[in-house]
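Here's the structure, in structure tokens; my notes come after.
The values are calculated or read from the model by the stated rules, or taken from the named source; none is laboratory data. Computed from a predicted model, the values in this text were never measured in an experiment. FYI the Cβ positions are ideal-geometry reconstructions off the backbone, even for glycines, and counts take in every protein chain you see.
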Amino acid sequence: MNRTKRKIFEISMKLFSEKGYDATSIEEITATVGVAKGTLYYHFSSKEEIFNFLVEEGMKLLKNSIAIKTSKCDNTVDKIKAICLIQLKALSKYENLLTIVLSQIWGNEARNLFCKEKVIEYIQVIQDVIQKGIDKGDITSCDAEILASEIFSLTCSTLIYKRKKELDKIDIEQIYGEYEKILFKKLI
């Protein structure tokens, strides 16, 4: 991705996160980025395309991170731990992206359905890891779909915790330590 497209990407993500999709205009994006409308339209045909690109690339990044990290783990509990750590790090680094996705998964407009689809695809990756672990006997038998959704919900609840406490950053080690005390011990 070239420098201009990356800047459009980053500024749009920030504006969508802070103001919401509907309250963010193309004019505001171009003014904040410091480019002409023609330059923006060279890279993206519409605000909707920018939004879809943000969500697509962000969720792809999360899925790829899971594939890379879990391939290095010996057992399913370690894979689930890696997934949880990836989510915490993603929340810390890409809070704006996750805010956008989570704010848009409700409703029936094309944008909402697109976000739901990407979240469901992401949860499916987690579910596949869990199901393989159940099949191998690595973890306690459970409903893999529910557990995968619960693991994803840790991202949502951590974001709420961060906002409730008005924290600039989350303490990844502290939160991960809480996951270890409660969640991971129940898996075996």
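Within region 84-122, take every residue that is β-branched (Val, Ile, Thr) and over 10 Å from the mean Cα position of the chain (by Cα) and give me the one that is farthest from Ala67 (Cα to Cα). Explain how you work it out, then say what you get.
The first filter runs over region 84-122 and keeps only residues β-branched (Val, Ile, Thr), leaving 86, 99-101, 105, 119-120.
Going one step further and asking which of them are over 10 Å from the mean Cα position of the chain (by Cα), we end up with 105, 120.
Numbers: Ile105: 24, Ile120: 16 Å.
The qualifying residue farthest from Ala67 (Cα to Cα) is Ile105.
For the criterion of being more than 30 Å from Lys186 (Cβ to Cβ), surrounded by fewer than 17 Cβ atoms within 10 Å (Cβ to Cβ) and free of Cβ contacts under 8 Å to residues at least 40 places away in the same chain, Thr24 fails. Among the residues of region 127-140, none qualifies, meaning not one is within 22 Å of Glu57 (Cα to Cα), aliphatic (A, V, I, L, M) and surrounded by fewer than 15 Cβ atoms within 10 Å (Cβ to Cβ). Here region 80-105 is the region considered, the condition is being crowded, with 20+ Cβ neighbours inside 10 Å and either aromatic (Phe, Trp, Tyr) or out of contact with any Ser or Thr (no Cβ under 8 Å at 6 or more places or on another chain) (or both), and the residue that is nearest to Ile11 (Cα to Cα) is Val101.
Suppose we filter Glu28, Glu57 for residues that are acidic (Asp, Glu) and more than 18 Å from the chain's Cα centre (by Cα); which single one remains? Steps first, please.
Values: Glu57 fails: more than 18 Å from the chain's Cα centre (by Cα).
It is Glu28.
Would you be able to say whether some residue in region 13-22 is out of contact with any Cys (no Cβ under 8 Å at 6 or more places or on another chain), assigned by TED's automatic domain parsing to the domain that holds Glu95 and polar (S, T, N, Q)? Within region 13-22 (the criterion being out of contact with any Cys (no Cβ under 8 Å at 6 or more places or on another chain), assigned by TED's automatic domain parsing to the domain that holds Glu95 and polar (S, T, N, Q)), the answer is no, since none of the residues qualifies. When region 123-169 is filtered for residues that are among the small types (Gly, Ala, Ser) and without any contact (Cβ under 8 Å) to a residue 12 or more places away in the chain, the ones remaining, listed by number, are Gly137, Ser141, Ser153, Ser157.
Scanning region 141-167 for residues that are of a type in the set (Ser, Thr, Tyr) and buried (at least 18 other Cβ atoms within 10 Å of the Cβ) returns Thr155, Thr158.
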